[in-house]
Each structure stands twice: as structure tokens, then as C-alpha cells.
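J.: Okay, handing you the structure first.
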Amino acid sequence: MMEDESNTSCEEKGSELPPGIPIDWEAWLATQGPRLLLFARQQARREHEAEDILQDALVKLVRKVESGVLPRIPECWAAYVYKVIHSLAINYGKKTDLRLIREGEAYMEAEQIESSPWLQSESDLDALKKDIETRLRDMPSKFSEVVVLRIWGDLTFREIAEMLEIPMNTVTSRYRYGIAHLRKSVAETVDPQS
């Protein structure tokens, strides 16, 4: 599909900002923020956790860039933040599980997950977005996360493979399966007899 892009390294996507030039974090966040929040919502169990996870990931990004660990190339930062969100969501999930067990409220977890939308918008496309959200939730998460990272996260297959620490062939097959699942789901809704 986009083979050329998947072979592009981060450094080839953009140029490094000189040390004396201040970083326009606000502009970068305005562009990348909605995509990152969408992914955080998919990974997190609750809306407020998604926002916390995103905030923690952004703090880590700023620290890495300011300390020189990450290059001052804005085009490279999203892939790093996606990976941090993925890791933080796992940690938040484990902490939540332990807390629920301690408090004896594990039965409430399933109800809160089902009632917490992770794809929200105030636009006229709310119904469509909710429909896509439902369809993404109906497929296994290993497929939906690749679809979200590729389409909404605008990551290459290589970046997704590095982030999830799986082979690129696995990423592309999960993407194809996820898209096929969505197409089949939509076709069944449009023509239930097919």
C-alpha cells in the first residue's frame, strides 16, 4: 500500500531544529494532539486515564527532547509518544486491576469500560465516529490498534512494528485483517442479507 513510506527513517522525514531555535510545542500539539488522544483513548480503560496517559507521555517527550536524547525533529516525536502511550496504558491497566481487586470492585470494571466512549467529537460526524468506534471495539485489539495507528496516527508500518516490537509483516497482516473486518462489518450493515 505505502511501501515507500514504511522504508523512510525518521531523520529523512524532517530536519533537526537548531539548538537556538525554540520549539513550537503548541503548534506540534495542535497537529498531533487529537491523533495521540484517540490512540490513548483506545489503549486506556477510562476517559480520564487516557488524558493522564497522554499528559505523562508528553512530559516524557519534552524531557527527552530537552535533554538531547531525542532529536529536535518534530516529525520523529509522534512515533515515540505512541510507544510511550502504549507502555503507560499497560501500566495504568495493571495498577487499576490491583486497585480494583484490593477494593473488591472488580465487577464494576466491565460496566465502566462499555459505557466509556473513547472516540468523541462535537462535529456532525458523531454518529459515524461512534459507529467506527463500535466496529473497532468489536475486533480484536491487536488488529484495531494497528488500524488506528496507521490511519489516525499516520505512522508507517515500520514505526508501528518498532513501537509494538513485532515484525513488520505481522503489522501489515494485522492491518489488512482489520480493514477487511471493517469492510465486512459495513457491508453486513448496508446489506444484511449478504
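The values are calculated or read from the model by the stated rules, or taken from the named source; none is laboratory data. What you see is a predicted model, and the numbers here were worked out from it, not measured in a lab. Using ideal geometry, Cβ is built from the backbone for each residue, glycine included, and neighbour counts are taken over all protein chains shown. Surface areas here come from the heavy atoms of the whole protein model, side chains and all, with no ligands, DNA or RNA. Shrake-Rupley method; radii C 1.70, N 1.55, O 1.52, S 1.80 Å.
J.: Say we look at region 22-33 and pick out the residues that are without any contact (Cβ under 8 Å) to a residue 40 or more places away in the chain and not aromatic (Phe, Trp, Tyr); which of these is most open to solvent (accessible area, probe 1.4 Å)?
T.: Out of the qualifying residues, it is Glu26.
J.: Name every residue in region 41-51 that is more than 19 Å from Ala78 (Cβ to Cβ) and either in contact with a Ser or Thr (Cβ under 7 Å, 6 or more places away or on another chain) or open to solvent by 20 Å² or more (accessible area, probe 1.4 Å) (or both), in order of residue number.
T.: Across region 41-51, the qualifying residues are Arg45, Arg46, Glu47, His48.
J.: Residues in region 30-39: is at least one of a type in the set (A, V, I, L, M, F, W, C) and closer than 18 Å to Lys95 by Cβ?
T.: No, region 30-39 contains no residue that is of a type in the set (A, V, I, L, M, F, W, C) and closer than 18 Å to Lys95 by Cβ.
J.: Another question, then. Any residue at all in region 72-82 that is surrounded by 14 or more Cβ atoms within 10 Å (Cβ to Cβ), more than 20 Å from Val146 (Cα to Cα), of a type outside the set (Lys, Arg) and at pLDDT 80 or above?
T.: Yes, region 72-82 contains at least one residue that is surrounded by 14 or more Cβ atoms within 10 Å (Cβ to Cβ), more than 20 Å from Val146 (Cα to Cα), of a type outside the set (Lys, Arg) and at pLDDT 80 or above.
J.: A further question follows. Kindly indicate whether any position in region 118-140 is at pLDDT below 85, open to solvent by 50 Å² or more (accessible area, probe 1.4 Å) and within 15 Å of the chain's Cα centre (by Cα).
T.: Yes - at least one qualifying residue is present in region 118-140.
J.: Across region 145-159, what is the total count of residues that are assigned to a helix (DSSP H, G or I), touching a residue at least 60 places away in the same chain (Cβ under 8 Å) and open to solvent by less than 40 Å² (accessible area, probe 1.4 Å)?
T.: Result for region 145-159: 5.
J.: May I ask you to say which residue of Arg174, Arg183 is over 19 Å from Arg41 (Cβ atoms), touching a Phe, Trp or Tyr at 6+ places or on another chain (Cβ under 6 Å), free of Cβ contacts under 8 Å to residues at least 60 places away in the same chain and not in a loop (DSSP other than H, G, I, E, B)?
T.: Being over 19 Å from Arg41 (Cβ atoms), touching a Phe, Trp or Tyr at 6+ places or on another chain (Cβ under 6 Å), free of Cβ contacts under 8 Å to residues at least 60 places away in the same chain and not in a loop (DSSP other than H, G, I, E, B) holds for just one of Arg174, Arg183, which is Arg174.
J.: If you don't mind, there's one more thing I want to ask. Which of the following residues is modelled with pLDDT of 85 or more, open to solvent by less than 80 Å² (accessible area, probe 1.4 Å) and among the hydrophobic types (A, V, I, L, M, F, W, C): Leu38, Leu17?
T.: Leu38 is the lone residue from the list that is modelled with pLDDT of 85 or more, open to solvent by less than 80 Å² (accessible area, probe 1.4 Å) and among the hydrophobic types (A, V, I, L, M, F, W, C).
J.: Return the pair list, or none, for Cβ contacts closer than 9 Å from residues in region 66-78 that are farther than 20 Å from Leu54 by Cβ to residues that are among the β-branched types (Val, Ile, Thr) and open to solvent by 40 Å² or more (accessible area, probe 1.4 Å), at least 6 apart or on different chains.
T.: Final answer for the pair search is Arg72/Ile21.
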